[in-house]
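Just so it is clear, none of the values below were taken in a lab; they were calculated from the coordinates. Computed from a predicted model, the values in this text were never measured in an experiment. Don't worry about glycine lacking a Cβ; one is built from the backbone with ideal geometry, like all the others, and counts go over all protein chains shown.
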Amino acid sequence: MTTAAVIGAGFGGLALAIRLQSAGVQTTLIEAREKPGGRAYVWEKDGFTFDAGPTVITDPACLEELWALSGQPMSLDVDLVPVMPFYRLNWPDGTNFDYSNDEPVLRTEIAKLNPADVAGYQRFLDYSAGVYHEGYEKLGAVAFLDFASMIRAAPSLARYQAWRSVYSVVSSYVKDERLRQALSFHSLLVGGNPMTTSAIYALIHKLEKAGGVWFAKGGTHALVRGMVALFERLGGQLRLGDPVVEIETSGDKATGVCTASGWRESFDSVASKADVMTSYAKLLSGTERGRKVAKALERKRWSPSLFLIHFGIKGVWPGIPHHMILFGPRYEGLLTDIYKTGVVPKDFSLYLHHPSVTDPGMAPEGCSTFYALAPVPHLGKAPLDWEAFAQGYGDRILDEIERRLIPGLRERLVTRFHYSPRDFERDLGAHLGSAFSLEPVLTQSAWFRTHNRDDLIPNLYFVGAGTHPGAGIPGVVGSAKATAKLMLEAL
Ligand SMILES: Cc1cc2nc3c(=O)[nH]c(=O)nc-3n(C[C@H](O)[C@H](O)[C@H](O)COP(=O)(O)OP(=O)(O)OC[C@H]3O[C@@H](n4cnc5c(N)ncnc54)[C@H](O)[C@@H]3O)c2cc1C
């Protein structure tokens, strides 16, 4: 029987392992931490359930497909519930904008901001649907292994003016600045600066509208556990708490892996979803190839990091929706601080996650679970002493939420803890503590991104956020589809 090792049990590694195992490849999934999930880790604290990362589940069909490969329904393992509105966007002047795929409601919301923008929004939607079809439906799960594949994509890239930024394209359709922010912030969800990221990423807007926004009952980690259950039912082996320290090679072949505990196993092929820099610089450090690619990756642009504060409070807040964005007084200036100058801004744009409003089981009775997330520069741009800085920074975020949304928040606190760029670096081996791997700019997308199969070691593969198409659950699950196709074709 053909064997494969998949390194890293985040969404990308799990999706790839399920695909391989479903196709009859005996697959071993090796995870460094004691729980699977990667960015989608989970903590249980004082009766509260805190999901570590992804919370906005889009394109459920790409997940259902993983169960369908073996003729099983996803509902066997996971209960997905719709979230409405998708998000509430809030500005410092008190304006709220509820964003969803309920068209009449959305038009009314847009008209409240600027009636003249309703028609422009419709044209933007057509644009977004076009890039979604070309960029996601046609190319989102197809590997770009040679430059010719990039040339083939060029006409679509030109048609949709991919060299322009998301914000620039959005601004050509709508005039109200708040609406421009509301329709362009989505690229931040995959690590891209709306001011510089290719307009192709406007496809996320259509992706959300077409497939909806969902929440896994019990939290995102319930979805991870469901994927693990499926993988193990299919006969796959999961090895937890044992980081891979070396991908072994012989000539131009990967031959197996070796872990920190000293476990060593031979495999017919190896796929890594460890951070792409870690994979080449550390796991392949004994090879010329590893050293060369790591050097090239050093010159790339890495997406920013994040600071998260998780908190559980007394009281329930039915008026605060599941997902909120609290925009700050600045948009472009804030993004420049984070992406260019490397300054941790004094003001914030925050994403606020409130899962207990959808699933009260995420908190003890009469209490609520939240996390607030602020994008911050990665450690290469701002090498701060986060150990010293984090408590005060977290306090300022809580103050902002108390002022704008939850009066008396500090007195209601039952538990709180934070997660900083240093934690991304330490727990996940994330280069520079980047939350989303390589920054999604046009010159680092598709063929310009780490290839799903190594150019010189033909049975060594890559999957996850650092590969095509990029970060986000649909992105890494798409990368798994592209990588699995290559691996299965090579059998
Ligand atoms: C705070 C946050 C919020 C987000 N919100 C959303 C959202 O709402 N919706 C959305 O779609 N996306 C969201 N994203 C993005 C999304 O979570 C990620 O892009 C995606 O989960 C990455 O999956 P992955 O498989 O590429 O990597 P990861 O999840 O990072 O998994 C990599 C795994 O590899 C393991 N590993 C690393 N090195 C080794 C080694 N040497 N040996 C063994 N194992 C190793 C790690 O421990 C980890 O478990 C968010 C990301 C963050 C950080």
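Candidates 12, 8, 37: the one that is buried (at least 17 other Cβ atoms within 10 Å of the Cβ), within 10 Å of the ligand (Cβ to nearest atom) and more than 30 Å from residue 357 (Cβ to Cβ) is 8. Exactly one residue among 118, 81, 142 is in a loop (DSSP other than H, G, I, E, B) and out of contact with any Leu (no Cβ under 8 Å at 6 or more places or on another chain), and that residue is 142. Per the conditions (1) closer than 25 Å to residue 430 by Cβ; (2) away from the ligand (no atom under 11 Å from the Cβ); (3) of a type in the set (A, V, I, L, M, F, W, C); (4) outside any loop (DSSP other than H, G, I, E, B), the sole criterion not satisfied by residue 230 is (1). Per the listing 78, 83, 170, 142, the residue uniquely closer than 22 Å to residue 333 by Cα and in contact (Cβ under 8 Å) with a residue 24 or more places away in the chain is 170. Only one of (1) outside any helix (DSSP H, G or I); (2) in contact with a strand residue (DSSP E or B) (Cβ under 7 Å, 6 or more places away or on another chain); (3) buried (at least 19 other Cβ atoms within 10 Å of the Cβ) fails for residue 221. Which number is that? The number of the failed condition is (1).
Going through (1) of a type in the set (A, V, I, L, M); (2) within 16 Å of the ligand (Cβ to nearest atom); (3) over 30 Å from residue 146 (Cα atoms); (4) out of contact with any Leu (no Cβ under 8 Å at 6 or more places or on another chain) one by one, residue 414 falls short only on (2). Note on region 254-285: residues that are crowded, with 18+ Cβ neighbours inside 10 Å and not in a strand (DSSP E or B) total 14. Can we say residue 28 is of a type in the set (Val, Ile, Thr), within 12 Å of the ligand (Cβ to nearest atom) and in a loop (DSSP other than H, G, I, E, B)? No; evaluated as a whole, the condition is false for this residue. Just one of (1) surrounded by fewer than 16 Cβ atoms within 10 Å (Cβ to Cβ); (2) out of contact with any helix residue (DSSP H, G or I) (no Cβ under 6 Å at 6 or more places or on another chain); (3) over 30 Å from residue 227 (Cα atoms) fails for residue 111. It is (2).
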